[in-house]
Amino acid sequence: MSGAFRTARGGLVDRDRPLRFRFDGVEYEGLQGDTLASALLANGVHHVASSIRLGRPRGVFAAGVEEPNALVQIEEPFPEPMLPATTVELYDGLVARGLRGRGRLADRPDPARYDATHAHCDVLVVGAGPAGLAAAAVAASSGARVIVVDDQPRPGGSLLGAAEHLDWVASVAGGLRAAPEVRLLTRTTAFGYYDDNHVVAVERRTNHLGAQAPAHRSRERVWRIRARHVVLATGAHERSLAFADNDRPGVMLAGAAQTYLRRYGVRPGRRAVVLTTNDSAYAVARDLHAAGVEIAAVADLRDSPGAGRAPHGAELLPGWAVAGVTGADRISAVTLRRLAGGAFTGPELRLDADLLLVSGGWNPVGALYGQAGGRLAYDDGLGAFRPDGGCRQALEVAGSVAGTYTLKGCLAEGAAAGARAAEATGFRPGEPDLPETADPEVTPGVAVWTLPGDPATSLVDLQRDVTVADIARATGTGMRSAEHVKRYTTAGTAHDQGRTSGTLTSGIVAEMLGVNVGDLGTTTFRPPYAPVSFAALAGRDRGMRFDPVRVTALHAWHVAAGALFENVGQWKRPWYYPRDGEDMAAAVLRECRAAREGVAMMDASTLGKIDVRGADAAVFLDRLYTNMISTLKPGAIRYGVMCRPDGMVLDDGTVIRLAEDRFLVTTTTGNAAVILDWMEEWLQTEWPQLRVYCTSVTEQWATVALVGPESREVLASLAPGLDVSRDGFGFMTWRDTTVAGLDARVCRISFSGELAYEINVSWWDALALWEALAERGITPYGTQTMHVLRAEKGYPIIGQDTDGTVTPHDLGLGWAVSRTKADFIGKRSFTRTDTARTDRKQLVGLLPDGGELLPEGAHLVAAAEPPLTALGHVTSSYHSAALGRTFALALIEGGRDLVGRTVWATLDDGLAPVTITGAVLYDPEGARRDG
Amino acid sequence: MMLIPCPWCGPRDESEFHYGGQAGVAYPDDPGALTDAEWARYLFFRDNPKGPFRERWSHTAGCRRWFSLVRDTVTNEIVA
Amino acid sequence: MADRNFRHSPLEGFSSGGAVAMSEVPFLAQINLRLDPAGPAAAAVGKDLGVALPRRGGTSATSGDVSVLWLGPDEWLVVGPPGAETRLTALLESAAGAAHASVVDVSAQRTAVALRGPRVRELLALGCSLDLHPRVFGVGDCAQTMLAHAPVVVWRRESEFWILVRASFAGHLAAWLEDAGIEFTVRD
């Protein structure tokens, strides 16, 4: 038996499939098709949690995603915090407990897979209730590509709760599932509606399988749906009203009680009192009565209930309301009294009851409409806010979200909306096949927000424990906006996002301020509509897939050689290659010595490379670089600096002239795409008349830097056809030749001050070249050694020694700024007052007096005693094998005039004196360049 | 996620594009002839309207072409 | 010509089975071509290639074993069989003649991954925001876009998709595809 409160038959649960679960340490049995909430209610458990601030006992209040009370922590099979029990599908072996507000994150990695996918459709239907299914069926009949999402395990929406027209639901769903261009996504919550009909939903794919979930299938999937037209059929949520002790376990939304009975076969109590403002609760009362729940009374806040028919034996009390609720962990009695002129009057009627069913009216679920940029307007007839129909996005609203509460109306509206959506995307819809439905007489409801009683126990937002008294405090401080009251009281900010309380809050604020609730309005709707796990949002973009890892053709070799890697942009570059027992400092000193005293090699393939071609290529590069490029001869190479128009350094690199009309330029590793875009921007938007084409060849060419006094001999042995003599292959020239049997372009470039070559071969040939060099015992070195070698020479790294506020002059690169060119990008800025200051921060060298390795980023101050005038900061800092000491580069105000002076570096444990030097610390005369 | 109409590739997700700021701010013919104030206006001053704004985009993940469009900065609607 | 036995493609040996079969198509000849689509060089190139340069965005044209993929309004990728890069470069240079044009051998810049099987589009949708439905993206269509956060050219061929990916991103993409394929290796 799956609980004492289970009906003998009926409901959409499978009575042949019992499920065992544990809640708060007690074993229970439920049925396949239950939620945790329905299974608990079937076992008579109402009190499942307590409230976050006041610690008041709380029961199951609703039957769906709007649940504010019944928050649970899943413990097994995997910990998951803060799920409403009404949204947890029951599975065998589930272990959960009730929460007081906050849950607990898992303390171990989640083994499940999560992913995301993109989807496109002509028509997206959100909600598979009567309106949504009608819309989907009509849209699908047109041949349009249709996606239907619904948060429940099966389509039907409110028809599931009412357990009616399920044959029609099955027939429509079967048709949708069979249609090739239609996708019906159940267990899928649309939680974000963004620009241009971009709707994001999360599908819970295996959560309901518990420990049986297959490991290869993602547990949750985020759907990023781009729809040409959207039909919002998101339904309506019932709301409560504020009265004393309206949060006690046993107080439940009336519609929810019907859902528990009809969908889950659960009687939510034995004897109920009904409090309503509208017709909808009457059907609930009759249903419950028919199922054996005694209905003690129906208190209708309307003086004339009109069409309202109480079930046989129940007292109908027009104009009566709840004056008190007895019982803390579970209600035991309800006191009713007549309400007149906003005050109770006459005798009390105290009725024994374990259930108080409340309907304060229905709120269209307009959150997605609001996120889409639409406005919700107050409808006096409905006593609720509903979409105003003026949203700019291509969407329709249909059914109860539009304020249509009859089934007949919802079906007709859905069909019409589906047809409009199909037509808007160029398809011809067919005729809808809708079930026959009655057209009941409706007596308008009345909007009532509060009942007389203790405001401190009259709850407005159950999840945040916000009471009428809290709202009175907010308005008492002078707040006049729903947004301000929300932030002050936190009403509506819990993870239920105020689904049952938002309109109520607005209504109460308006009542307190004596303004029209429509003028006050709602608070803003923002994604996510319902909580989404971070695991789902991260999806597969975690670990190594968080950001692409770019590697060179030699990466596997570097890994095998035991290299440690440094991230440079998206690239993994070898940082250094420790040998047995070496730490980083020892490895780098060894690598540096090899480069300065023998020969060493580095994988420089990550440098950006751009082929610039056309009759105006030289003119174009003259405009981009600060120095003169057009005078470069084919066969020669020049170092160049690029600035932005504001005169600040953007990038640097080498320019190789391949032919009169063709150049190969290199960029820094992280800037390859930036510089290509930069070139295209100027060519396309400012100088379209220039005949120049730029093509990225970064990964066409692999580059190996061969560095050191012995590099010439090595190259000569590998390239017998190449004249490597000092005069035959001059500095800053290039040759096409064969190296190690491979087609190669060799450039005599040095980023270390040593005799050096950069050998470029096809990316495909990189390993062959590298292995040929490695066979000769050449020491590989990584980026750390490269940094030390270049810093010893005072060569800046753009992006490390610069930060977007540094001019070429600041770096000491004034020699690379043309004085003869009429203009180039940045030129005009060099004469701006600020740029021409002589006390700008300038790149200098630093020698720590005490031999410390200064932390990069350390601030430099003028004196050891206060006031500590800041002068600048350390940009690069290393141990130098060649200098036999530590050194650094720094940007210091007026630094070049301070050479020889002592300034102070701020360290964690005090100040350290450092001496300012010129930026070039090694071989300042450049004697080593030619070997 | 806006859907931006690339004139060449058709509508693509916003994440494929690079934003280029206000359109129609031309590089001056002769920067050397400008006063510091005029040059600063070119460098640093841009309109920031609430409403329609003509701006530049580049389809960096696609054809790498630059183009202009008019976007309403309140609603993100691309109106021209 | 240097000895080609030394060569290594970025995804040497990569292949994966399941409902989506994946494998590298290495060493394709690829030439980046830029010129005025309305100029005489475009016509000459089309004549010599045996197929007109596609003018419509996101389309390709094929003649024998050479295909031309539209990359931009004045940019194409000419794709041929391995080893054809020298011949194609010479052909394009010669056809373009003295016109303003750029012909750049980028054969090693990108490698190709072929994806086959009934669930290819489903797999690609996990990392690509493009609509690859046959109504929108037909045989021969191609697009520069992002897949698995990496820049790629997606190219739909007769019975398979080719993903042209830059060599440095190839390892990332292959690992991503293999991981994405986990769901497609087991029959649900």
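Determine whether B:Thr35 is more than 21 Å from A:Asp677 (Cα to Cα), open to solvent by 40 Å² or more (accessible area, probe 1.4 Å), within 11 Å of chain A (Cβ to nearest Cβ) and of a type in the set (S, T, N, Q). Here the answer is yes, as B:Thr35 does meet what is asked. When restricted to residues that are closer than 14 Å to A:Leu706 by Cα and among the β-branched types (Val, Ile, Thr), the stretch A:784-795 contains 1. Looking across the stretch B:45-80 at every residue that is of a type in the set (Gly, Ala, Ser) and loosely packed, with under 15 Cβ neighbours inside 10 Å, the one that is modelled with the highest pLDDT is identified as B:Gly51. When A:Leu883 is tested against (1) touching a Phe, Trp or Tyr at 6+ places or on another chain (Cβ under 6 Å); (2) open to solvent by 20 Å² or more (accessible area, probe 1.4 Å); (3) farther than 30 Å from A:Ser725 by Cβ, only condition (1) is not met.
If I filter the stretch A:82-92 for residues that are assigned by TED's automatic domain parsing to the domain that holds A:Gly403, under 30 Å from A:Cys410 (Cα atoms) and assigned to a loop (DSSP other than H, G, I, E, B), do I get at least one hit? Checked against the condition, which is being assigned by TED's automatic domain parsing to the domain that holds A:Gly403, under 30 Å from A:Cys410 (Cα atoms) and assigned to a loop (DSSP other than H, G, I, E, B), the stretch A:82-92 yields no hits at all. Scanning the stretch A:686-719 for residues that are open to solvent by 40 Å² or more (accessible area, probe 1.4 Å) and within 14 Å of chain C (Cβ to nearest Cβ), we see that the one that is farthest from A:Ile675 (Cα to Cα) is A:Gln689.
Which one is nearest to C:Ala84 (Cα to Cα) among residues in the stretch C:8-45 that are hydrophobic (A, V, I, L, M, F, W, C) and assigned to a strand (DSSP E or B)? Here the residue is C:Ala29. Taking the conditions (1) more than 22 Å from A:Ala563 (Cα to Cα); (2) more than 14 Å from chain C (Cβ to nearest Cβ); (3) out of contact with any helix residue (DSSP H, G or I) (no Cβ under 7 Å at 6 or more places or on another chain); (4) not polar (S, T, N, Q) in turn, A:Arg745 satisfies each one other than (2). Residues of the stretch A:81-91 that are modelled with pLDDT of 95 or more and either open to solvent by less than 40 Å² (accessible area, probe 1.4 Å) or touching a helix residue (DSSP H, G or I) at 6+ places or on another chain (Cβ under 6 Å) (or both): A:Pro84, A:Ala85, A:Thr86, A:Val88, A:Glu89, A:Leu90, A:Tyr91.
At least 3 residues being in contact (Cβ under 8 Å) with a residue 40 or more places away in the chain and crowded, with 20+ Cβ neighbours inside 10 Å is the threshold, and among the strands (runs of 3 or more DSSP E) wholly inside the stretch A:363-458 those reaching it are A:384-387, A:395-397. Among the criteria (1) touching a residue at least 12 places away in the same chain (Cβ under 8 Å); (2) over 17 Å from A:Ser630 (Cβ atoms), the one A:Thr685 does not fulfil is (1). Residues that are open to solvent by 10 Å² or more (accessible area, probe 1.4 Å) and either away from every other protein chain (no Cβ under 12 Å) or basic (Lys, Arg) (or both) within the stretch C:1-40 comprise C:Arg4, C:Arg7, C:Phe14, C:Ser15, C:Ser16, C:Gly17, C:Ala21, C:Ser23, C:Glu24, C:Val25, C:Ala38, C:Pro40, listed in sequence order. Residues in the stretch B:12-32 that are aliphatic (A, V, I, L, M) and open to solvent by 20 Å² or more (accessible area, probe 1.4 Å) were compared, and the one that is farthest from the other protein chains (Cβ to nearest Cβ) is B:Val25.
For the stretch A:504-547, the candidate set comprises residues that are away from chain C (no Cβ under 14 Å) and among the acidic types (Asp, Glu); within that set, the residue that is farthest from the chain's Cα centre (by Cα) is A:Glu511.
Among the residues making up the stretch A:595-619, none is within 41 Å of the chain's Cα centre (by Cα) and part of a helix (DSSP H, G or I).
Scanning the stretch A:112-151 for residues that are among the β-branched types (Val, Ile, Thr) and farther than 21 Å from C:Phe137 by Cα yields a total of 5. Between A:Lys841, A:Lys821, the distinction of being modelled with pLDDT of 95 or more, open to solvent by 10 Å² or more (accessible area, probe 1.4 Å) and either more than 41 Å from the chain's Cα centre (by Cα) or of a type in the set (Gly, Ala, Ser) (or both) belongs to A:Lys821 only.
The values are calculated or read from the model by the stated rules, or taken from the named source; none is laboratory data. Please read all numbers here as calculations on a predicted model, not as lab measurements. Positions of Cβ are generated from backbone atoms using ideal geometry, with glycine treated the same way; all protein chains shown enter the neighbour counts. With ligands, DNA and RNA removed, areas are computed over all heavy atoms of the protein, side chains included. Shrake-Rupley method; radii C 1.70, N 1.55, O 1.52, S 1.80 Å.
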